[in-house]
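Chemist: I'd like to ask you about the structure that follows.
The values are calculated or read from the model by the stated rules, or taken from the named source; none is laboratory data. It should be emphasised that the depicted structure is a prediction, and the values quoted were computed from it without experimental measurement. Neighbour counts are summed over all protein chains in view; Cβ atoms, including those assigned to glycine, are modelled from backbone coordinates with ideal geometry.
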Amino acid sequence: MKGIIFTEFLGLVERQWDGDMVDDIIEACDLASGGAYTAVGTYDHREIVALVGELSERSEVPVPDLLQIYGEHLFGTLAKSYPHFVAKSGNLLDFLEGVESYIHVEVRKLYPDAELPSFETKRVEPRVLEMIYRSSRHLDDVCHGLIKGAIVHFDTEALVEREPIDDGTRFVIRCQ
Ligand code: HEM
């Protein structure tokens, strides 16, 4: 998993808690990387799961909540780092439809070793999009947070439903 995912997470922990919390969770996790991440490096995705688990224990915020908050925050960072990917779409649902067919395709060109999920999308109605998320990393909560981040970014009133399916998670995004 790319280092930006880690550096953003630790930045969020530092802002919401403090630098001591960052040092404490890194130390407690005994990570192969030692917690020294660079934006362009690649690290084991289980390290983020371990860090979030440790933060959850210390902060008493449930892991799924932390992952969602993190995903929402991450969207803002990605949108700032790659403004042209977001600018191409005029609205929320067109944008979300393009994550699989455009954005992650471009990401893969930039970082051939990126570990990306797959999405299957269906426009159920003009203002309703179904997105099926599949990934061996099972970061459903991060995905949910990213969708929420996109909703905020596009300043759209929308509801997100979610249900587990056999091999992934089905999200339904309904614009109001
Ligand atoms: C500007 C928009 C976006 C950019 C530039 C972007 C880019 C990236 C990058 C660089 C990664 C990390 C790959 C790695 O660590 O190897 C990633 C992972 C991921 N992206 Fe995106 N992404 C964007 C929008 C979205 C949106 C809107 C969603 C959800 C609908 C999404 C879902 C995910 C998920 C869930 C992962 C974690 C990996 C996994 O689940 O297997 N992304 N993306």
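Chemist: Mind listing whichever residues of region 5-56 are of a type in the set (A, V, I, L, M, F, W, C), surrounded by 15 or more Cβ atoms within 10 Å (Cβ to Cβ) and more than 19 Å from the chain's Cα centre (by Cα)? Before the answer, list the steps.
Modeler: Residues of region 5-56 of a type in the set (A, V, I, L, M, F, W, C): 5-6, 9-10, 12-13, 17, 21-22, 25-26, 28-29, 31-32, 36, 39-40, 48-52, 55.
Pick out the ones that are also surrounded by 15 or more Cβ atoms within 10 Å (Cβ to Cβ) and you get 5-6, 9-10, 12-13, 17, 21-22, 25-26, 28-29, 31, 48-52, 55.
Matches in region 5-56: TRP17, MET21, VAL22, ILE25, ILE26, ALA28, CYS29, LEU31.
Chemist: Here's something else I'd like to know. Does at least one position in region 23-46 carry a residue that is small (Gly, Ala, Ser), touching a Cys at 6+ places or on another chain (Cβ under 7 Å) and farther than 22 Å from PRO112 by Cα? Talk me through it step by step, then tell me what you get.
Modeler: The first filter runs over region 23-46 and keeps only residues small (Gly, Ala, Ser), leaving 28, 32-36, 39, 41.
Within this subset, residues satisfying the condition of being touching a Cys at 6+ places or on another chain (Cβ under 7 Å) are none.
Scanning region 23-46 turns up no residue that is small (Gly, Ala, Ser), touching a Cys at 6+ places or on another chain (Cβ under 7 Å) and farther than 22 Å from PRO112 by Cα.
Chemist: Out of the residues in region 122-137 meeting the condition of being in contact (Cβ under 8 Å) with a residue 24 or more places away in the chain and among the hydroxyl-bearing types (Ser, Thr, Tyr), tell me which one is farthest from GLY3 (Cα to Cα). Working first, answer last.
Modeler: Here is the first cut: in region 122-137, the ones in contact (Cβ under 8 Å) with a residue 24 or more places away in the chain are 123-124, 127-135, 137.
Add one more test, that the residue is among the hydroxyl-bearing types (Ser, Thr, Tyr), and what stays is 133, 135.
Details: TYR133: 22, SER135: 19 Å.
It comes out as TYR133.
Chemist: Quick one: count up the residues across region 3-30 that are more than 17 Å from LEU67 (Cβ to Cβ) and within 16 Å of the ligand (Cβ to nearest atom).
Modeler: Of the residues in that region, 1 qualify.
Chemist: Taking the options LEU55, LEU51, LEU74, name whichever one is aliphatic (A, V, I, L, M), closer than 19 Å to GLY145 by Cβ and within 14 Å of the ligand (Cβ to nearest atom).
Modeler: LEU74
Chemist: Here is a list of conditions, (1) at pLDDT 95 or above; (2) assigned by TED's automatic domain parsing to the domain that holds VAL152; (3) buried (at least 19 other Cβ atoms within 10 Å of the Cβ), and LEU78 meets all of them except one; can you say which number that is?
Modeler: Result: LEU78 fails condition (1) only.
Chemist: Being within 11 Å of the ligand (Cβ to nearest atom), farther than 17 Å from ARG162 by Cβ and either in the same structural domain as ASP24 (by TED's automatic domain parsing) or hydroxyl-bearing (Ser, Thr, Tyr) (or both) is true for just one of TYR111, TYR133. Which residue is that?
Modeler: Details: TYR133 fails: farther than 17 Å from ARG162 by Cβ.
Matching residue, one of TYR111, TYR133: TYR111.
Chemist: Criterion first (exposed (fewer than 14 other Cβ atoms within 10 Å of the Cβ) and closer than 24 Å to ALA39 by Cα) does ALA87 satisfy it?
Modeler: Values: exposed (fewer than 14 other Cβ atoms within 10 Å of the Cβ): yes; closer than 24 Å to ALA39 by Cα: yes.
Yes.
Chemist: Give me the pairs, please: first residue somewhere in region 95-121 and farther than 24 Å from VAL172 by Cβ, second residue anywhere and more than 6 Å from the ligand (Cβ to nearest atom) and basic (Lys, Arg), beta-carbon distance under 9 Å, and either six or more positions apart or on two chains.
Modeler: Cβ pairs passing all conditions: ALA114/ARG108.
Chemist: Only one residue in ALA150, ALA158 is more than 8 Å from the ligand (Cβ to nearest atom), of a type in the set (Gly, Ala, Ser), assigned by TED's automatic domain parsing to the domain that holds HIS104 and under 11 Å from LEU92 (Cβ atoms), so which one is that? Outline the logic, then answer.
Modeler: Values: ALA150 fails: more than 8 Å from the ligand (Cβ to nearest atom).
Going through ALA150, ALA158 in turn, the sole match is ALA158.
Chemist: Which residues, taken from region 1-59, are assigned to a helix (DSSP H, G or I) and of a type in the set (Ser, Thr, Tyr)? Steps first, answer last, please.
Modeler: Step one: list which residues in region 1-59 are assigned to a helix (DSSP H, G or I), which gives 3-16, 19-29, 46-59.
Correct list: THR7, SER56, SER59.
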